[in-house]
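The values are calculated or read from the model by the stated rules, or taken from the named source; none is laboratory data. All figures in this text were calculated on a predicted structure; none of them were measured in a lab. Don't worry about glycine lacking a Cβ; one is built from the backbone with ideal geometry, like all the others, and counts go over all protein chains shown.
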Amino acid sequence: MGWIQDLVKPQQRVWEEFYRNRWAHDRVVRSTHGVNCTGGCSWAVYVKDGIITWEMQQTDYPLLESKLPPYEPRGCQRGISASWYVYSPIRVKYPYVRGRLLEYWREARARHDNPVEAWASIVENEEKRRAYQWARGKGGFQRANWDEVLELIAAACLYTARKWGPDRVAGFSPIPAMSYLSYAAGSRFLQLFGGFNMSFYDWYADLPNAFPEVWGDQTDVCESADWYNGKFIVSMGSNLNMTRTPDVHFISEARHEGAKFVVISPDFSQVAKYSDWWIPIRAGQDLPFWMAVNHIILKEFYVDRQVPYFIDYVKRYTDLPFLVELVPEGNAYRMWKLVRANRLARYAEVTNGDWKMVVLDARTGEPRMPKGQVGFRWDKEKGKWNLKLEDGLDDSPIDPVLTLLGQHDEVVQVRFFDHGEKRWLLRGVPAKRLRLRDGSTILVTTAFDL
């Protein structure tokens, strides 16, 4: 036996042969891992006789900028062990169907030549429908074949479309970060069929709401290398060491350059131990915490002193200057919708006018429609999707008004609900009359004033 020989004649070093065989390969293939990860790391996959033997991180990433650290090494422990899933005995290689439903389907197909009629015999039978639906969450999947499963899915879709309409067919498709080809196949089918293509975020409910609310686009993930340029970085609801393993080195390098790193997390998470300041807030404290942060920022950079950088930033990159309609409610007013551009005579004919809002321009004293809003993304005229303080109609410069105080037509009482005290409060807000294209007027204020 080899280990006995190693004991008797250790100078032969027979044990080394095991490692030579373990790391042997006849070619190297560049690849990545089709998992639910936006890292997209480049890997060198070592292959022998068509079998993956091991993997190693690629180290030939180009520099984004000369002043930024290199991307490599990119890759994590999950990535380097991904090839084991390919040969795992528990890898799912075949379609599986809930046992009760598969049993009903096979019985129905034996009785009906038409697959749609077979499906109807199941779902229109209240006892059978209830039985397979109540079996959800209890396991009991059985292996099927692709022809059988595809026919079942097609029959269910056609039956639903014929009876209730195609828009009653709702479905998910794999997240694009996992496989864009798979995502495109499923989403394209639902769109062509007339079905309802649900977001994959509806599947596992982790949509970061701030992205679509602030940027108008879903998960417009920022460039991680840009973290290096930050001087005060806050991580909230994100365990970077675990979820952004290939990119977390940019945080470490930014701290080396003097950046302060704050982690807001109820638990002393993996990333919290690397922070300069860990704030262990509890559930429900996140909203008042950020309201307090906003209060301090407004007080120190706008109320106590006017800081040009702050004023320019909120005018250029936030929705604070946008006009909001105020509508009467009892003896006061309540905030309503942002004012749409196509409600004004100047912008009556613009495309996607419902998705373009207006600000009050300090230069002209008139409402203007700045570029870069959601409506411009889907506009026929290209080149106006960037955030610029220019009018989307004639490219004239815009200087948005933050507050109507001092140039208001009147001060009105606006209702605000105090969720802590469970009561309505009234606060005076400066407002201005705005004439619409139909000749009527509405009362408006800015989001900043609200």
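In this structure, ILE251 qualifies as among the hydrophobic types (A, V, I, L, M, F, W, C), part of a helix (DSSP H, G or I) and not assigned by TED's automatic domain parsing to the domain that holds PRO73. Here SER173 clears all of (1) of a type outside the set (Val, Ile, Thr); (2) surrounded by 14 or more Cβ atoms within 10 Å (Cβ to Cβ); (3) modelled with pLDDT under 95; (4) assigned to a helix (DSSP H, G or I) except the condition numbered (4).
Within the range 142-170, the set of residues being closer than 22 Å to TYR94 by Cα, among the small types (Gly, Ala, Ser) and surrounded by 16 or more Cβ atoms within 10 Å (Cβ to Cβ) comprises ALA144, ALA155, ALA156. What about TRP134, is it surrounded by 14 or more Cβ atoms within 10 Å (Cβ to Cβ) and not assigned by TED's automatic domain parsing to the domain that holds VAL45? No: the conditions fail for TRP134.
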